[in-house]
Amino acid sequence: MRFDILTIFPNFFSGPPDHGVLDHGILDHGILGHGVLGRAIATGAVQVATHDLRDFTHDRHRTVDDRPFGGGEGMVLKAQPIFECVESLGVAARPERDLTRQSVVLLSAQGRRFTQAVAARLAGMEQVVLICGRYEGVDERVSEMLADEELSIGDYVLSGGELAAAVVLDATARLLPGVLGHADSARYESFGEADSGGNEGVDGMTADGVPRSTHGAGGLLDYPHYTRPAEFRGVAIPEVLAGGDHAAIRLWRRRMALKKTWRNRPDLLAGAVLSDEDREFLATLEEI
Ligand code: SAM
């Protein structure tokens, strides 16, 4: 899968030009050189190219912005360098573009919310072009005539689209086959699907209504994780996790996922796959 990122700050992604080689042999390409994303690029599962919008200007000052028509604060990114940059990438013009294979995305606070489901859809594509705005934003004709979708990473205003593009890139790349060590890691974490494997039961539940997986988030937030030592600064891990009773561990994890979702993101409960037992447990929380 290939990502093309259009920005006036390409070094945000690729690090300074005189980057070195890190211990594990991956080039220190800023955010592109680390962890899961760094490995995905090193193994070729993901290709990322950054494009400096100033390379697509035609004046001596390499001007990418101009004053807004109608007056008002700040400057606006011009449409022309963005159009010419996208056209240089071999992306089909919009009427002919196959939107199952390619998407041109404008990062924008006015966009649709970027979610795990959007990341999963993008992960099925061959090429995603990410356009990073700056200043007061981008000439609206980019949204009207060039971009397939506007995406926002949340209800707040960033000073530029680069951080948002990095979020989209990271969340999407880790869903690609072979990028995470364990194929199920990305399936059953926060916002993920319920584990409906096996023949018994439906909707991620066993026939007796217990969630099958210790991981199946099923639209809930992930359950809490602990690692060694078993006691840290006087606080011990929950006893059940050290007991080796897998059914009990599974039930505890399910309940903690429910509790965390109830406490931090109650809006998610409406769309989650819940058993009768889950509902009973949630009712006990309401009573507290
Ligand atoms: N005037 C714009 C508004 O009120 O919606 C804000 C422009 S913002 C200062 C500059 C750029 O940052 C935007 O063009 C966009 O690319 C990016 N940006 C800001 N907030 C964002 C968000 N929540 N999600 C994605 N991109 C964002």
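The values are calculated or read from the model by the stated rules, or taken from the named source; none is laboratory data. None of these values were measured; they are calculated from a predicted model. As a convention, Cβ positions derive from the backbone with ideal geometry for all residues, glycine included, and neighbour counts pool all protein chains shown.
Remarks
- Of the listed requirements (1) touching a His at 6+ places or on another chain (Cβ under 8 Å); (2) modelled with pLDDT of 95 or more, Leu169 misses just one: (1).
Quick grid of which residues meet (1) exposed (fewer than 12 other Cβ atoms within 10 Å of the Cβ); (2) within 15 Å of the ligand (Cβ to nearest atom); (3) modelled with pLDDT under 95:
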position: Gly30; (1), (2), (3): no, no, yes
position: Ile41; (1), (2), (3): no, no, yes
position: Phe56; (1), (2), (3): no, no, no
position: Thr63; (1), (2), (3): no, no, no
position: Leu77; (1), (2), (3): no, yes, no
position: Tyr135; (1), (2), (3): no, yes, no
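- Criterion: touching a His at 6+ places or on another chain (Cβ under 9 Å) and in the same structural domain as Val76 (by TED's automatic domain parsing) - qualifying residue of Ser103, Ser88, Ser152: Ser88
- Single match in Ser196, Ser143 (criterion: modelled with pLDDT of 95 or more and either under 23 Å from His34 (Cβ atoms) or of a type outside the set (Val, Ile, Thr) (or both)): Ser143
- Any hit, the stretch 168-177, residues being within 12 Å of the ligand (Cβ to nearest atom), of a type in the set (D, E, K, R) and under 16 Å from the mean Cα position of the chain (by Cα): no
- Boolean, Glu136 is in contact (Cβ under 8 Å) with a residue 12 or more places away in the chain, assigned by TED's automatic domain parsing to the domain that holds Gly30 and either assigned to a loop (DSSP other than H, G, I, E, B) or not polar (S, T, N, Q) (or both): yes
- Matching entry among Leu251, Leu269 (being surrounded by 10 or more Cβ atoms within 10 Å (Cβ to Cβ) and in contact with a Leu (Cβ under 9 Å, 6 or more places away or on another chain)): Leu269
- Which listed residue, of Arg94, Arg112, is closer than 30 Å to Glu193 by Cβ and either away from the ligand (no atom under 16 Å from the Cβ) or surrounded by fewer than 14 Cβ atoms within 10 Å (Cβ to Cβ) (or both): Arg112
- Residues of the stretch 115-133 that are surrounded by fewer than 18 Cβ atoms within 10 Å (Cβ to Cβ), touching a Ser or Thr at 6+ places or on another chain (Cβ under 9 Å) and of a type in the set (Gly, Ala, Ser): Ala120, Gly124.
- Summed over the stretch 232-288, the residues that are touching a residue at least 12 places away in the same chain (Cβ under 8 Å), β-branched (Val, Ile, Thr), over 15 Å from Phe191 (Cβ atoms) and assigned to a loop (DSSP other than H, G, I, E, B) give a count of 0.
- Scanning the stretch 137-164 for residues that are under 15 Å from the mean Cα position of the chain (by Cα) and either among the hydroxyl-bearing types (Ser, Thr, Tyr) or more than 10 Å from the ligand (Cβ to nearest atom) (or both) gives a single hit, Ser152.
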